[in-house]
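The values are calculated or read from the model by the stated rules, or taken from the named source; none is laboratory data. This structure is a prediction, so every number in the text was calculated from the model and none was measured. Backbone-built Cβ (ideal geometry, glycine too); neighbour counts: all protein chains shown. For accessibility, only protein heavy atoms count, side chains too; no ligands or nucleic acids. Shrake-Rupley method; radii C 1.70, N 1.55, O 1.52, S 1.80 Å.
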Amino acid sequence: MPYARLLTPLLLLCSNVFMTFAWYGHLKYRSVALPKVILVSWGIAFFEYCFQVPANRIGYATFSATQLKILQEVISLVVFSLFAVAILGEKLRWNHAVSFFLLLGAVYFAFLKTKPGGA
(Lines give C-alpha, C1' and ligand atoms only; values in the text may rest on other atoms or scores of the structure.)
Protein backbone atom coordinates (compact mmCIF):
# COMPACT_ATOMS: atom_id res chain seq x y z
CA MET A 1 0.00 0.00 0.00
CA PRO A 2 1.65 3.22 -1.09
CA TYR A 3 -0.26 5.30 1.45
CA ALA A 4 0.67 3.06 4.43
CA ARG A 5 3.48 5.38 5.58
CA LEU A 6 0.94 8.19 5.97
CA LEU A 7 -2.16 6.25 6.96
CA THR A 8 -0.45 4.28 9.73
CA PRO A 9 0.55 7.30 11.86
CA LEU A 10 -2.89 8.87 11.32
CA LEU A 11 -4.65 5.71 12.50
CA LEU A 12 -2.26 5.46 15.45
CA LEU A 13 -3.04 9.06 16.35
CA CYS A 14 -6.78 8.34 16.37
CA SER A 15 -6.22 5.17 18.36
CA ASN A 16 -4.17 6.98 20.96
CA VAL A 17 -6.75 9.72 21.44
CA PHE A 18 -9.32 7.06 22.33
CA MET A 19 -6.79 5.15 24.43
CA THR A 20 -5.88 8.21 26.44
CA PHE A 21 -9.50 9.00 27.22
CA ALA A 22 -10.20 5.35 28.07
CA TRP A 23 -7.21 5.04 30.39
CA TYR A 24 -7.03 8.51 31.94
CA GLY A 25 -10.28 10.38 31.26
CA HIS A 26 -11.88 9.02 34.41
CA LEU A 27 -9.29 10.82 36.55
CA LYS A 28 -11.32 13.96 35.95
CA TYR A 29 -14.40 12.23 37.45
CA ARG A 30 -13.11 10.66 40.66
CA SER A 31 -16.55 10.63 42.30
CA VAL A 32 -17.97 8.19 39.71
CA ALA A 33 -18.14 4.58 40.94
CA LEU A 34 -15.26 2.38 39.79
CA PRO A 35 -17.42 -0.32 38.10
CA LYS A 36 -19.10 2.36 35.99
CA VAL A 37 -15.74 3.90 35.09
CA ILE A 38 -14.43 0.48 34.04
CA LEU A 39 -17.42 -0.17 31.77
CA VAL A 40 -17.21 3.28 30.17
CA SER A 41 -13.46 2.85 29.68
CA TRP A 42 -14.00 -0.51 27.98
CA GLY A 43 -16.55 1.09 25.68
CA ILE A 44 -14.09 3.81 24.70
CA ALA A 45 -11.27 1.27 24.31
CA PHE A 46 -13.33 -0.56 21.68
CA PHE A 47 -12.83 2.42 19.37
CA GLU A 48 -9.13 2.46 20.20
CA TYR A 49 -8.88 -1.07 18.82
CA CYS A 50 -10.91 -0.13 15.74
CA PHE A 51 -8.02 2.17 14.80
CA GLN A 52 -5.06 0.33 16.37
CA VAL A 53 -5.57 -3.04 14.67
CA PRO A 54 -5.83 -1.60 11.13
CA ALA A 55 -2.89 0.72 11.84
CA ASN A 56 -0.69 -2.23 12.72
CA ARG A 57 -2.06 -4.43 9.94
CA ILE A 58 -1.49 -1.73 7.29
CA GLY A 59 1.74 -0.46 8.83
CA TYR A 60 3.38 -3.88 9.00
CA ALA A 61 3.55 -3.87 5.20
CA THR A 62 5.90 -0.88 5.40
CA PHE A 63 7.34 -0.82 8.94
CA SER A 64 8.87 -3.50 11.13
CA ALA A 65 7.03 -4.46 14.31
CA THR A 66 9.69 -2.61 16.33
CA GLN A 67 9.25 0.53 14.25
CA LEU A 68 5.47 0.32 14.68
CA LYS A 69 5.84 0.06 18.46
CA ILE A 70 8.29 2.96 18.70
CA LEU A 71 6.00 5.08 16.51
CA GLN A 72 2.98 4.15 18.66
CA GLU A 73 4.80 5.01 21.90
CA VAL A 74 5.91 8.43 20.66
CA ILE A 75 2.41 9.26 19.43
CA SER A 76 0.97 7.97 22.71
CA LEU A 77 3.22 10.18 24.82
CA VAL A 78 2.55 13.27 22.71
CA VAL A 79 -1.22 12.70 22.88
CA PHE A 80 -1.04 11.98 26.61
CA SER A 81 1.05 15.10 27.29
CA LEU A 82 -1.47 17.30 25.49
CA PHE A 83 -4.28 15.56 27.41
CA ALA A 84 -2.50 16.00 30.76
CA VAL A 85 -2.08 19.72 30.16
CA ALA A 86 -5.45 20.49 28.51
CA ILE A 87 -7.78 18.16 30.45
CA LEU A 88 -6.04 17.37 33.74
CA GLY A 89 -4.41 20.79 34.16
CA GLU A 90 -0.92 19.42 34.69
CA LYS A 91 2.20 21.36 33.79
CA LEU A 92 4.99 20.16 31.54
CA ARG A 93 8.42 20.53 33.10
CA TRP A 94 11.99 20.64 31.80
CA ASN A 95 12.56 16.92 32.49
CA HIS A 96 9.55 16.12 30.27
CA ALA A 97 11.21 18.08 27.45
CA VAL A 98 14.43 16.09 27.94
CA SER A 99 12.50 12.81 27.85
CA PHE A 100 10.83 13.84 24.58
CA PHE A 101 14.23 14.66 23.13
CA LEU A 102 15.47 11.20 24.10
CA LEU A 103 12.38 9.65 22.49
CA LEU A 104 13.29 11.37 19.25
CA GLY A 105 16.61 9.58 19.52
CA ALA A 106 14.75 6.28 19.93
CA VAL A 107 12.75 7.02 16.78
CA TYR A 108 15.90 7.92 14.88
CA PHE A 109 17.66 4.69 15.80
CA ALA A 110 14.56 2.53 15.25
CA PHE A 111 14.17 3.86 11.70
CA LEU A 112 17.90 3.95 10.89
CA LYS A 113 18.72 1.85 7.83
CA THR A 114 21.36 -0.75 8.59
CA LYS A 115 23.02 -3.41 6.52
CA PRO A 116 21.73 -6.95 7.06
CA GLY A 117 24.00 -8.81 9.46
CA GLY A 118 26.02 -5.66 10.20
CA ALA A 119 25.95 -2.35 11.94
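Name the single residue that is farthest from L11 (Cα to Cα) among those in segment 79-98 being in contact (Cβ under 8 Å) with a residue 12 or more places away in the chain and open to solvent by 50 Å² or more (accessible area, probe 1.4 Å).
Ranking the candidates gives H96 first.
Return a yes/no flag: does segment 65-83 have any residue that is of a type in the set (G, A, S) and not in a helix (DSSP H, G or I).
The answer is no; no qualifying residue exists.
Which count do you get for residues in segment 7-48 that are outside any helix (DSSP H, G or I) and out of contact with any helix residue (DSSP H, G or I) (no Cβ under 8 Å at 6 or more places or on another chain)?
Of the residues in segment 7-48, 3 are outside any helix (DSSP H, G or I) and out of contact with any helix residue (DSSP H, G or I) (no Cβ under 8 Å at 6 or more places or on another chain).
Determine whether segment 87-104 contains at least one residue that is among the hydrophobic types (A, V, I, L, M, F, W, C), at pLDDT below 90, in contact with an Asp or Glu (Cβ under 8 Å, 6 or more places away or on another chain) and assigned to a helix (DSSP H, G or I).
Within segment 87-104 (the criterion being among the hydrophobic types (A, V, I, L, M, F, W, C), at pLDDT below 90, in contact with an Asp or Glu (Cβ under 8 Å, 6 or more places away or on another chain) and assigned to a helix (DSSP H, G or I)), the answer is yes, since at least one residue qualifies.
Is it the case that F51 is surrounded by 13 or more Cβ atoms within 10 Å (Cβ to Cβ), assigned to a helix (DSSP H, G or I) and either on the phi < 0 side of the Ramachandran plot or at pLDDT below 90 (or both)?
When the stated conditions are applied, F51 passes them.
When residues of segment 26-48 are filtered for being open to solvent by 50 Å² or more (accessible area, probe 1.4 Å) and under 30 Å from F111 (Cβ atoms), how many remain?
1
Residue check: is A4 surrounded by 12 or more Cβ atoms within 10 Å (Cβ to Cβ), modelled with pLDDT under 95 and touching a helix residue (DSSP H, G or I) at 6+ places or on another chain (Cβ under 8 Å)?
yes
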